[in-house]
Amino acid sequence: MRVQKLSLLAVTAVAGLSLAACQGGDTSSSDAGDSSSPSSASSPSSTSQGSDGSGASGGKGAPTASRTGGAMASACTTSQLAFSTSGGMAEGTLIVNLKNTGSATCSLKGFPGADLKSKDGTVSAQRSKLAAPLVSVKPGEETRFTLHYPPNNSGGSGETFTGLVVTPPNETHSRTLPVSINVPVSDGSGPAVTVDPVGTGK
């Protein structure tokens, strides 16, 4: 994925730390309606649907996937996952939910690609220092990961991201979710946008 460095928002080593999972992501999405317009943006505290039109809800109804130390099932593909977002427990966090809509158990391990898009460009989230568990996701179950960003408490207008491009671990196909994430304008010395591995959310 081509990463453009924002002129207003300097995130340290954005281009150098682009996630491997996101290489070529948004140009090869299997979903024809992948792009999300700013008018459909939702706040981080509300649940939003993935562009595949699924109705997965964050933390409601769907059982949670389990971590496993056994044999790995086939890797979950983007096409068999439904994507949604929900507000994190702390300010500056967004939960991204991944629900298995296929007919067989699949597995996920690693960091997702997470790219925030605004009118000024794209910022790729840096990987956190958390270890990535192996997560087994049965049909109808869901797992999740957390995106961390500096909330804008500066009193200024900041920079608003209206799209989040998500690429599951070891995948090249992406989904774009509508979001409304406002961060302060920074000279690069402030905290960066980071992402946790799949299976380490709330």
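For the reader, a short list of remarks on this structure follows.
- Counted over all Cα-Cα pairs of the range 64-165, pairs farther apart than 20 Å make up 46 percent.
- Potential extension, Ala131-Ala75 segment - 0.36 nm per residue separation minus Cα distance: 18.3 nm
- Thr101 versus Lys138: modelled label distance in nm, points set 7 Å from Cα along the beta carbon direction: 2.1
- Considering the range 132-174 at the alpha-carbon level, its Rg and Dmax are found to be 15.6, 45 Å.
- The residues of the range 97-202 present an accessible area of 36 Å² per residue when probed at 1.4 Å with all protein chains retained.
- For the range 98-149, the set of trypsin sites (Lys or Arg not before Pro) satisfying both a DSSP loop assignment and a count of at most 16 other C-beta atoms within 10 Å is given as Lys119, Lys129.
The values are calculated or read from the model by the stated rules, or taken from the named source; none is laboratory data. On a predicted model such as this, the values are computed, not experimentally measured, just so you know. Neighbour counts are summed over all protein chains in view; Cβ atoms, including those assigned to glycine, are modelled from backbone coordinates with ideal geometry. Side chains are part of the model used for accessible areas, which takes the heavy atoms of the whole protein and leaves out ligands, DNA and RNA. Shrake-Rupley method; radii C 1.70, N 1.55, O 1.52, S 1.80 Å.
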